[in-house]
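What follows is one structure encoded as structure tokens, with my remarks underneath.
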4 protein chains.
Amino acid sequence: MNKINCAVLGATGVVGQHFLKLLVAHPTFEVTAICASDARAGKKLSEMKEVVPGGIPQEFADLVFDPMDVDILASKNVQVIFSGLPADVARDVESNAAQNGIKVFSNAGSHRMDADVPILIPEINHYQIELLRIQQQKKQGFIACNANCTTTGLTMALLPFIDLNIKRMVVASYQAVSGAGYPGLPVMDISNNVIPYINNEEPKVCRETGKIFGHVENGTIIPREWEIFAHCIRVPTIVGHMISVHLELDGSTDYDTVAGLIRNYLPPAEVAGLPTAPEKPVLFTEQQDRPQPRYDVDLGTPERAKGMAVIIGRLEVNKNIVRFVTLSNNLVRGAAGGSVLNAELAYRLKLI
Amino acid sequence: MNKINCAVLGATGVVGQHFLKLLVAHPTFEVTAICASDARAGKKLSEMKEVVPGGIPQEFADLVFDPMDVDILASKNVQVIFSGLPADVARDVESNAAQNGIKVFSNAGSHRMDADVPILIPEINHYQIELLRIQQQKKQGFIACNANCTTTGLTMALLPFIDLNIKRMVVASYQAVSGAGYPGLPVMDISNNVIPYINNEEPKVCRETGKIFGHVENGTIIPREWEIFAHCIRVPTIVGHMISVHLELDGSTDYDTVAGLIRNYLPPAEVAGLPTAPEKPVLFTEQQDRPQPRYDVDLGTPERAKGMAVIIGRLEVNKNIVRFVTLSNNLVRGAAGGSVLNAELAYRLKLI
Amino acid sequence: MNKINCAVLGATGVVGQHFLKLLVAHPTFEVTAICASDARAGKKLSEMKEVVPGGIPQEFADLVFDPMDVDILASKNVQVIFSGLPADVARDVESNAAQNGIKVFSNAGSHRMDADVPILIPEINHYQIELLRIQQQKKQGFIACNANCTTTGLTMALLPFIDLNIKRMVVASYQAVSGAGYPGLPVMDISNNVIPYINNEEPKVCRETGKIFGHVENGTIIPREWEIFAHCIRVPTIVGHMISVHLELDGSTDYDTVAGLIRNYLPPAEVAGLPTAPEKPVLFTEQQDRPQPRYDVDLGTPERAKGMAVIIGRLEVNKNIVRFVTLSNNLVRGAAGGSVLNAELAYRLKLI
Amino acid sequence: MNKINCAVLGATGVVGQHFLKLLVAHPTFEVTAICASDARAGKKLSEMKEVVPGGIPQEFADLVFDPMDVDILASKNVQVIFSGLPADVARDVESNAAQNGIKVFSNAGSHRMDADVPILIPEINHYQIELLRIQQQKKQGFIACNANCTTTGLTMALLPFIDLNIKRMVVASYQAVSGAGYPGLPVMDISNNVIPYINNEEPKVCRETGKIFGHVENGTIIPREWEIFAHCIRVPTIVGHMISVHLELDGSTDYDTVAGLIRNYLPPAEVAGLPTAPEKPVLFTEQQDRPQPRYDVDLGTPERAKGMAVIIGRLEVNKNIVRFVTLSNNLVRGAAGGSVLNAELAYRLKLI
């Protein structure tokens, strides 16, 4: 089979280099172009600084940076873009690419709240891919976003008990520094410190969560209405976002019911078996001091899905209250891996 | 004036060494004896390992460890004990000392829930000191506890708006490793990690908070009834416990009202002017990314009260919901400093 | 082929759990028994605390701890022991096992300086395996040690230019905390700190280095005579020992010569192709800010040899002075992986 | 007495904010102006981000940033500048100020190797202040530099045994991240990592050390000739540069002699009693695991001299070899405090 040519945008950054790692020997997509800021054009990937271990895979070391120009990408027959660009740059570049027939899978926040752009988490809302067809009617290409990294961890963890009639959530996050990209936080700011504020993060978590669980009506997503209260807080870890979750239900339940929902949860058929899809997307631990980033940040089988599963621990249930802690890999499931899975889904559903 | 002889128990530990730091040149108390495990008896303080910077003050370097024996302490005319012992050791030692007429100010958890032992935070419940008189009638001496370090930070932060009819709290903590004492956590466990469990911490926060705000009836404390949901979580910082706090009120309020309550809060007359009492026990910041342990863990004036004030930031108010983040020094306000202030209060009220 | 039954001693520790990781699906050795302190006897591996990520491999999770008793191991037909025991325990257990015909491959320091025990680093001194035959004549089994983790990194790095007539070395190490095992250092001691002393480490580096490069004469090793000055210093990293190395030669050389020696170095035939042997044991970088633990601590091909190669960077040569920085994985090459490679060598040379 | 008006340049940075801390209530100098990049002009200090705890002292919070314009500073009667500017900006600004009669005390590296600019460490080379007179003849004002932070720690530690005929030094540093200023290193680069390269640092250490110990001849400094081999290496600590030092002497000595030299060392009369001068500039510890940044980075008496003393530990002497470890505060002695002390010396010697 001929693979599909793709470009990685922002290949000097943390998310971009994760795209490269995840696309090594990918069965469907072949990285044939890379872009970053125009100053890099003409340089080889191998001349760049590795910002994540393994972020400059041997296989791609000789790729040469192109300018961020859709015509050039088109001339190289690039059909798919994986975008790890910063939000301010991403907006126009991605729109332009979609207009020119390229399918864009983006980690940037710029288009997430656009009416016809879905925030895809295949296990949750594969049905929202319908919006991509609508986009394509307008502009040949399309933009599909993965969610913000914290939103991803939260929404994945809600997946097994989405039918429990959640009325209200109070969440507090323990977010790793890699969520801020590279160079991100100065060590002097965060070493041995906790920073109780991340610019624009709390509103993102609230509105993206509603959209992700929304339903499509007349080509638009009607967000699910939930009361969400979030504190998004930075802690001195490198990878892995933990979230303390407190849910209030409309109605009562018990521990065994909720534990059973998590244990028995299986991904929908649309997703099962995709190369980067975890066999069990939501894992469960009853070890009292887990999950922990040190041990649990790379969970997921098969090998290609490492970091794609989230894990729930410390489950407590008391009538209408469900409490737990969840952990997800903010760079894999919460960023590059999310978009790769979205592209695999789109390919299976023949949108690519 | 003659100072009152006191002993520091557990002087090889983190809390013990903080007692020593805080008692240098104290106007009322004079450290004349130190104890630790019996194996130390006969050794000089200066031979010990410093476990906190400045934890072996020059002034006390030549003190010699006594065995943990109340008769010996009595023979040295020790009237007051500051106990930084681990809970399992503290139980009997402290009971025994109180029985023998010594006034015990303890950071250990062993006696906190005893019916006639108050968990004192002078700004909140100086009136509970009444229990000490009751104890004294029974056994000459008494035991007064400071609260668990996380409880202390939470309850101090609630102080300005205690009349707001709080119905329910959802809290998640970001606790520094020094809360676990010395040697405490292995670096391999916590470096670049988050541990979502601290043994017995969540029940302590719930029941101590109720007792602290309780009222005294027939010589016993009737705890205040609140619904409290707590996740107590360890993060890789050294000093300073942050807490994300979500309050549900019975009734509505607004930002200006709550901010005003914090800004205008003043300590009660019983406490004002005590040597270790902070002039403003609850500080308020509207800087969007504060408080932070790196900058705010030693707040409090005058000099002797550094680390005795807590600080509230990120205040949000929406009808019946009040949300904020608070930070306190777990070793000073939440441990040694708390007990020193308790002793100062007891002295002012002529219980010593 | 039938695999050889082996036991891992100290399977609750950092080195023990690395043995387990490295022996998953090993072509020659099969872990059929595990031991730790006797208090563990009867418990399953899966009940233990994971102290390194992946340290309790699924494959071995159901193994049950045996008491540390050679008769029991013998009754289970254990022929080979991999010992990750602490030195004080290791001395007698290992002697006893060897006396009873078991081949012991040990990471403990207890027997390293015994006259008939080699400190094996196969690429350097595979010829010292001769001592094992001598031991076997005396007691059926034998003890073979891997070197101290810092010594290993240093001596591996010297390997390419061992013929340069090194006269004197001045070295300063940057050692990760995992070198102290588990629980090892309290986080309060080492977080944001540097500790310029590691008990007994500097003498070990000096005397082991001499023995490793020594020659065998009449069944004893005559150590190579070198002047070595070492500062062994702990820094707050988890894995990876870096060493600043300053060599004084007897005679002059130049950069290209030394760089060529490193680039062209190949392992001896005795070692090449062993399952855990790295194809290139000594790697070389001319990137000015490398090696770094974050990026380079797991170097080595093939997959099974990850962490078995060392890397040299910042090479400077000026007449008789050769200076560089080297990095090695203290848990793999410098501990468990070293002993696994030793066992593979012994098996190839028919000592097992 | 009227204090001397001074300006702090670079007051938004780590060194600038240390200047501010050290100049609170200074007996001689009064901060009456602050500058940073021109974009700050018109803003108040209190609007800036604190980059070191206490870096925006209450006393100066209302100061308003001036543009970096010598005429404006002159119009405000500023006589002395303390410069914490980055090197690229510092060159012209400082030259210009000196030409206009202002006395510049600079932490920047730009002018350190200028022929008529001394690198002053008062305890070592107060006599080099002679160069300031020469500069003044040419341009009314002058520039006096403090040394690079690593050089400062090394040269201070050499002070007690400068007469031992040191022939050669091999040093390896353990440098804290604050040495790189703010924002300095991204946390993703240095957390749990060691970086064996600091741009231009090793040449600085070599050439500055020679100049500092040089003698003045015909208005120029003739550097002392030493062989110095330095590895400058970044470790994940915030404050405090440790150095492993290996000295080769011309001639033999012994432990007691060298220890005696350190213990008995006293600062020269020219320096003793200056407000920021430490009573004992070089401290000595025989505790085997000290010095450590956690405990020893703020040494120095009186209070105003905290962080101005260096400390030597792990002393070993063997004939012509002297080895030790030393620690200094890179932000106080190695930066802002160094320049404040230089200004105090110049004031005492009537150059201001």
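The values are calculated or read from the model by the stated rules, or taken from the named source; none is laboratory data. Fair warning: this is a prediction, and the values are worked out from it, not measured in the lab. Glycine also receives a Cβ, built like all others from the backbone with ideal geometry; neighbour counts cover every protein chain displayed. For the accessible areas, the whole protein counts, side chains as well, though only heavy atoms, and no ligand, DNA or RNA atoms are used. Shrake-Rupley method; radii C 1.70, N 1.55, O 1.52, S 1.80 Å.
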- Item | Residue within the stretch D:246-262 that is without any contact (Cβ under 8 Å) to a residue 60 or more places away in the chain and either within 25 Å of D:Pro122 (Cα to Cα) or small (Gly, Ala, Ser) (or both) present | yes
- Item | Scope the stretch C:230-240; condition at the interface with another protein chain (Cβ under 9 Å from one of its Cβ atoms) and in a loop (DSSP other than H, G, I, E, B); matching residues | C:Ile233, C:Val235, C:Pro236, C:Thr237, C:Ile238, C:Val239, C:Gly240
- Message: On the basis of being surrounded by fewer than 23 Cβ atoms within 10 Å (Cβ to Cβ) and touching a strand residue (DSSP E or B) at 6+ places or on another chain (Cβ under 8 Å), does C:Gln137 make the cut?
- Response: no
- Task: Tell me which of these A:Gly153 doesn't satisfy, since it passes every other one: (1) more than 17 Å from the chain's Cα centre (by Cα); (2) within 22 Å of A:Val245 (Cβ to Cβ); (3) of a type in the set (Gly, Ala, Ser).
- Result: (1)
- Scanning the stretch A:186-197 residue by residue, those within 7 Å of another protein chain (Cβ to nearest Cβ) and in a helix (DSSP H, G or I) turn out to be A:Val187, A:Met188, A:Ile190
- Selection over the stretch A:113-122 where residues are of a type outside the set (A, V, I, L, M, F, W, C) and open to solvent by less than 10 Å² (accessible area, probe 1.4 Å) yields a count of 2
- Task: Being farther than 25 Å from D:Val177 by Cβ and surrounded by 15 or more Cβ atoms within 10 Å (Cβ to Cβ) is the filter here, so list the residues in the stretch D:44-58 that pass it.
- Result: D:Lys44
- Note on the structure: The condition from (1) open to solvent by 40 Å² or more (accessible area, probe 1.4 Å); (2) among the polar types (S, T, N, Q); (3) in contact with a Pro (Cβ under 7 Å, 6 or more places away or on another chain); (4) more than 30 Å from D:Ala180 (Cβ to Cβ) that A:Asn192 misses is numbered (4)
- Message: Residues that are more than 20 Å from the chain's Cα centre (by Cα): list the strands (runs of 3 or more DSSP E) wholly contained in the stretch C:1-115 that include at least 2 such residues.
- Response: C:4-9, C:29-35
- Query: Quick one: which helices (runs of 4 or more DSSP H) sit completely within the stretch B:241-351 and have at least 2 residues that are within 25 Å of B:Phe142 (Cα to Cα) and open to solvent by 50 Å² or more (accessible area, probe 1.4 Å)?
  - Reply: B:337-348
- Task: Show the residue pairs that are 6+ apart or on different chains and have beta-carbon atoms under 9 Å apart, the first residue being within the stretch C:162-185 and away from chain B (no Cβ under 14 Å) and assigned to a loop (DSSP other than H, G, I, E, B), the second being open to solvent by 40 Å² or more (accessible area, probe 1.4 Å) and hydroxyl-bearing (Ser, Thr, Tyr).
- Result: C:Leu164/C:Thr257
- Item | Any chance B:Arg224 is in a loop (DSSP other than H, G, I, E, B), of a type in the set (Lys, Arg) and open to solvent by 20 Å² or more (accessible area, probe 1.4 Å) | yes
- Note on the structure: The number of residues in the stretch B:31-43 that are farther than 13 Å from B:Pro67 by Cα and surrounded by fewer than 23 Cβ atoms within 10 Å (Cβ to Cβ) is 1
- Condition check for C:Ala74: touching a residue at least 24 places away in the same chain (Cβ under 8 Å) and either of a type in the set (Phe, Trp, Tyr) or within 20 Å of C:Tyr347 (Cα to Cα) (or both): yes
- Test result for A:Asn125, of a type in the set (S, T, N, Q), closer than 30 Å to A:Asn320 by Cβ and either open to solvent by less than 30 Å² (accessible area, probe 1.4 Å) or assigned to a helix (DSSP H, G or I) (or both): yes
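Look through A:Ile34, A:Ile4 and report the one residue that is touching a residue at least 24 places away in the same chain (Cβ under 8 Å) and within 22 Å of A:Ala87 (Cβ to Cβ).
Sole residue among the options that is touching a residue at least 24 places away in the same chain (Cβ under 8 Å) and within 22 Å of A:Ala87 (Cβ to Cβ): A:Ile34.
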- Would you mention how many residues in the stretch D:60-72 are within 28 Å of B:Tyr295 (Cβ to Cβ), exposed (fewer than 15 other Cβ atoms within 10 Å of the Cβ) and acidic (Asp, Glu)? 1
- Query: When only residues in the stretch A:98-111 that are closer than 24 Å to A:Val51 by Cβ and either in contact with a Leu (Cβ under 9 Å, 6 or more places away or on another chain) or not small (Gly, Ala, Ser) (or both) count, which is surrounded by the most Cβ atoms within 10 Å (Cβ to Cβ)?
  - Reply: A:Asn107
- Any residue at all in the stretch B:143-160 that is surrounded by fewer than 22 Cβ atoms within 10 Å (Cβ to Cβ) and either within 14 Å of another protein chain (Cβ to nearest Cβ) or assigned to a loop (DSSP other than H, G, I, E, B) (or both)? no
- Query: All but one of (1) farther than 25 Å from A:Gln287 by Cβ; (2) open to solvent by 50 Å² or more (accessible area, probe 1.4 Å); (3) at pLDDT 95 or above hold for B:Asn200; which doesn't?
  - Reply: (1)
- Quick one: which residue in D:Leu9, D:Leu20 is under 16 Å from B:Tyr295 (Cβ atoms), surrounded by 17 or more Cβ atoms within 10 Å (Cβ to Cβ) and away from chain B (no Cβ under 14 Å)? D:Leu20
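Yes/no per residue for (1) under 24 Å from A:His26 (Cα atoms); (2) at pLDDT below 95; (3) in contact with a His (Cβ under 9 Å, 6 or more places away or on another chain):
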site	(1), (2), (3)
A:Ile56	yes, no, no
A:Phe60	yes, no, no
A:Val80	yes, no, no
A:Leu120	yes, no, yes
A:Gln137	no, yes, no
- Message: Being of a type in the set (Ser, Thr, Tyr) and open to solvent by less than 20 Å² (accessible area, probe 1.4 Å) narrows it down to one residue among B:Ser83, B:Ser75; which is it?
- Response: B:Ser83
